Amino acid sequence: KRDPLVASRVCINIITFGGRGPETVTVVQDFVDGIDFDPSISLIAGGLTPMGGAVQIALEKQEQFKKDVRASGGTYKRPWLVLMTDGAPTDDYKAVAARGAKMGSQGKRLVWPLATDGADHSVLLEFAGPDGHVFDVAGADLSAMFEWIGVSVASASYSFAGEEVQFTAPGRIISARV
């Protein structure tokens, strides 16, 4: 929200997964412009991990968002999927992980898997794809991590579609086409 240009170019959607029920996937925040985003949303770890179902909903919502933007004559940059977990999927995730990874390798999506305490890195890598990375944020200051995501989004917002952008990720520098 501090940068009006970035806030006008970024749309945010938050889907949580986990809890007491086996199918607990919740759209906490449907797509909203960055300027209207409510940063006070709480994320709480615990319970089961229906990661496959959550990513399926996220991919569907991103595709619908892209259709809506195109229908209104607008443009968009490569969507990002930030996937943060403290565990491993408790549902059938293989097909959606392969779909997300394929979309990433085709340049249709950028996947940022974030592993907190107890996360299964090998499963997260399935979502990221063969060229992807899993970022270990266990024990990290999550507010600083989300600040890093914000800075990365700002870098992408100031770029042109298809331009190669360098991101300084925790512990490494990676490049991605936006």
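The values are calculated or read from the model by the stated rules, or taken from the named source; none is laboratory data. Since the model is a prediction, treat every value here as computed from it, not as a measurement. Please note: Cβ atoms are built from the backbone with ideal geometry, for glycine as well, and neighbour counts cover all protein chains shown. Heads up: the accessible areas ignore ligands, DNA and RNA and are worked out on the full protein's heavy atoms, side chains in. Shrake-Rupley method; radii C 1.70, N 1.55, O 1.52, S 1.80 Å.
G107 - would you say it is assigned to a loop (DSSP other than H, G, I, E, B), touching a residue at least 60 places away in the same chain (Cβ under 8 Å) and over 13 Å from T49 (Cβ atoms)?
Taking the combined requirement at face value, the residue satisfies it.
Keeping to region 71-104, report how many residues are open to solvent by less than 70 Å² (accessible area, probe 1.4 Å) and not in a loop (DSSP other than H, G, I, E, B).
Result for region 71-104: 13.
Select from region 34-70 the residues that are touching an Asp or Glu at 6+ places or on another chain (Cβ under 6 Å) and part of a loop (DSSP other than H, G, I, E, B) and list them in ascending order.
A45, P50
Has region 88-103 got any residue that is closer than 14 Å to E126 by Cα and acidic (D, E)?
yes
As an exercise: evaluate Q64 against (1) touching a Ser or Thr at 6+ places or on another chain (Cβ under 8 Å); (2) open to solvent by 40 Å² or more (accessible area, probe 1.4 Å) and give the number of the one condition it does not meet.
With (1) touching a Ser or Thr at 6+ places or on another chain (Cβ under 8 Å); (2) open to solvent by 40 Å² or more (accessible area, probe 1.4 Å) applied to Q64, the lone miss is (1).
Assuming A45 fulfils every condition listed in (1) modelled with pLDDT of 85 or more; (2) within 19 Å of Q29 (Cα to Cα); (3) not polar (S, T, N, Q) apart from one, which condition is it?
Condition not satisfied by A45: (1).
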